[in-house]
1. Those residues that are part of a helix (DSSP H, G or I), modelled with pLDDT under 90 and surrounded by fewer than 19 Cβ atoms within 10 Å (Cβ to Cβ), I need them from region 16-70; list them, please.
2. Within region 139-156, which residues are at pLDDT 90 or above, open to solvent by 50 Å² or more (accessible area, probe 1.4 Å) and of a type in the set (A, V, I, L, M, F, W, C)?
3. When the residues of region 83-97 are filtered to those that are touching a residue at least 60 places away in the same chain (Cβ under 8 Å) and buried (at least 19 other Cβ atoms within 10 Å of the Cβ), which remaining residue is farthest from residue 138 (Cα to Cα)?
4. Across region 3-15, what is the number of residues that are open to solvent by less than 60 Å² (accessible area, probe 1.4 Å) and not in a helix (DSSP H, G or I)?
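The values are calculated or read from the model by the stated rules, or taken from the named source; none is laboratory data. Just so we're clear, the structure is a prediction, and the values are computed from it rather than from any experiment. Ideal geometry is used to build each Cβ from the backbone, glycine not excepted, and the neighbour counts take in all protein chains shown. Just the protein is used for accessible areas: all its heavy atoms, side chains included, with ligands, DNA and RNA removed. Shrake-Rupley method; radii C 1.70, N 1.55, O 1.52, S 1.80 Å.
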Amino acid sequence: MAIQARFRSLTRDLPIPHPWDLSTYLDDVAAYRGRSISMLPIDTALLAGTGCGTGSGLWIAKQDSDVIVYGADTTEWHAEHIIVHEIGHMLLGHGPEQSDPGEPSASTPTVAAIAELLPSISPESIAHVLGRTDYGTLRERDAETFADMVMLHAMRPPRRDSLLHRTFFRDRRR
């Protein structure tokens, strides 16, 4: 299914709040998935190493909850975009990926730094999460597109239906 169709389907089940409120959206995503989500803002330098995605954020799926790690030293809008990108991974069903031979693995200093911040998560799990290297994979592009679509949708003024539309299509919104 194309990302646009998946986005429409997800927003039917999990509407984007108007006016936009990241906390409300996070609470709704957590309820929808049945898993709590915690945020961990950290120094971007800890994220900017070999094998740490794009250097701006990552999602760590624990056994019964999720952690979103993101750079604390960025603008509020950029931080929200990073967080929604990671939510995109969650909602699009992006689980563990197998690394291709020859792909760089997560660096030991980066794994150690994250393990120190999140002692309840095994270094192996952290190394796996840090295996994302760029936006070259379809999953990364889809998560980035998802984040772009959510942020654009959130900033759009709410649509006001005409009387004609409300009369003939009111039952389709449920």
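1. Correct list: 44, 45, 46.
2. Across region 139-156, the qualifying residue is only 152.
3. The first filter runs over region 83-97 and keeps only residues touching a residue at least 60 places away in the same chain (Cβ under 8 Å), leaving 83-85, 87-88, 90-92.
So of that shortlist, the ones also buried (at least 19 other Cβ atoms within 10 Å of the Cβ) come out as 83-85, 87-88, 90-91.
On the way: 83: 18, 84: 17, 85: 13, 87: 16, 88: 12, 90: 14, 91: 15 Å.
Across region 83-97, the extreme among qualifying residues is 83.
4. Here the count works out to 1.
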